[in-house]
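Read through the structure below, which is laid out as structure tokens, and then see the notes.
The values are calculated or read from the model by the stated rules, or taken from the named source; none is laboratory data. Since we're looking at a predicted model, the values are computed, not measured. Positions of Cβ are generated from backbone atoms using ideal geometry, with glycine treated the same way; all protein chains shown enter the neighbour counts. Just so you know, the surface numbers come from the protein's heavy atoms only, side chains and all, with ligands and any DNA or RNA stripped out. Shrake-Rupley method; radii C 1.70, N 1.55, O 1.52, S 1.80 Å.
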Amino acid sequence: MDLKNKVVVVTGGGSGIGKAIAERFSKAGAKLIVADVSEENSTSVAETVGGMGIQCDVTSEAQIQRLVAEVEKTFGQIDVFCSNAGVAFGEGAHAASASNEVWQTCWDLHVMSHVYAARAVLPGMIERGEGYLLNMASAAGLLSQIGDAAYSASKHAAVAFSESLSITHADDGVKVSVICPQYVATPLLGYEDGEAGNAASGTISAADVAETVYQGVLEERFLILPHPEVHTYMQHKAADTERWLAGMRRLRNDIIEKVGGTDLHAMHRLFR
């Protein structure tokens, strides 16, 4: 898809990957609507990209419906809806030890926000015979994140929902992509917005992710992998799941031996 003059909504667009996607798509000539739970952040980024900022909590279907209605009233049809917002909390003593609140928050942000967005824009896209749903997931949705079962399970579900959207609506003219990065230098990992990351650790910048996303949208690829090596890991997992699981167990044990646990920031400090 050529993004020039296309109306694009980016949720979670006030910082991190969402901000970088908004900036990259704006350079391609898109008309950006930056939605974020922080009104201040959404407005700030919108001013940078020459778009419109809207406060929106994507865990609320009513707020997503309001967002879509406001955009359509101002700009007309939404060509691309990029559902990007996300969180990570980690877990405690065992894989089921995170609280119900943590599990529910991961589910609401990583799965239901995509569902709410699709419900809001799909009917119009189907009627027009065109549109693009761009969903943020994670490499954890194809593999798994050590130390965060709630994150991994919800990201797997995000990938599965995106697959269902593509299977069901490709013939309606609706394009679907799912984005699955590994470590990215964002506030989620303790970086400042715009930091370059650490290539040696495999941590890339949000701008690098945004460039890969932009190229993926141009090519209308379903699976967008900002870290190309994830494809190899997927092949290893599919070829011999038992061996892959054994390797993940060894990696987990090695991490615990070195940093004393599986906290995300502690794990990442091994490589920073």
Environment charge of residue 125, counting only residues whose C-beta is closer than 11 Å and scoring Lys/Arg +1, Asp/Glu -1: -2
Fully extended contour minus Cα-Cα distance, from residue 62 to residue 243, at 0.36 nm per residue: 60.7 nm
Label-to-label distance, nm, for residues given as residue 236 and residue 77 (7 Å Cα→Cβ offset): 4.4
Apportionment of accessible area to carbon and sulfur, the chain, percent (1.4 Å): 50
Kirkwood Rh in Å, taken over region 117-187 so that all alpha-carbon pairs contribute: 13.0
Semi-axis lengths, Å, region 116-253, gyration tensor of Cα atoms, sqrt of 5 times eigenvalues: 28, 19, 13
Relative pair counts by distance (%), Cα atoms of the chain, 5 Å bins: 1, 6, 13, 17, 20, 18, 12, 7, 4, 2, 0, 0
Extension gain (nm, one decimal) between residue 251 and residue 100, 0.36 nm per residue minus Cα-Cα: 51.6 nm
Share of alpha-carbon pairs per 5 Å distance bin for region 177-268, given as whole %: 3, 13, 17, 19, 21, 16, 9, 3, 0
Under 5 Å, built H, 5+ apart or other chain: amide partners of residue 176: 133
5 angstrom amide H check on residue 185, placed H, neighbours 5+ away: 204, 205, 206
Environment charge of residue 184, counting only residues whose C-beta is closer than 11 Å and scoring Lys/Arg +1, Asp/Glu -1: -2
Full-extension gain in nm, residue 218 to residue 5, via 0.36 nm per residue minus C-alpha separation: 75.3 nm
Under the Debye formula (equal points on every Cα, no solvent term), log10 I(q)/I(0) of region 25-87 at q = 0.13, 0.30 Å⁻¹: -0.32, -1.49
Å² of accessible area per residue within region 11-167, as computed with a 1.4 Å probe and no ligands counted: 40
Degrees between helix 149-169 axis and first principal axis of the chain (Cα, 0 to 90, nearest 10): 40
Taking region 115-191 and dividing mean pair separation by its residue count, relative contact order in percent (alpha carbons under 8 Å, at least six apart): 40
The chain - charge dipole about Cα centre, Lys and Arg +1 at Cβ, Asp and Glu -1, debye rounded to 20: 420
Per-selection metrics, region 1-153 (Cα): Rg and Dmax in Å: 15.9, 50
Degrees between helix 39-49 axis and first principal axis of the chain (Cα, 0 to 90, nearest 10): 70
Relative contact order of the chain, defined on C-alpha pairs under 8 angstrom at six or more residues apart (%): 17
Cross-link pairs beyond the 18 Å C-alpha cut-off, checked among 4/31; 6/155; 4/73; 19/155; 31/73: 6/155; 4/73; 19/155
Region 205-250: mean projected area of Cα convex hull, nm²: 4.1
Exposure of residue 222 as accessible area (Å², to 10), given a probe of 1.4 Å and all protein chains: 60
Local electrostatic count at residue 57 - Lys and Arg +1, Asp and Glu -1, tallied over other residues with Cβ under 13 Å: -3
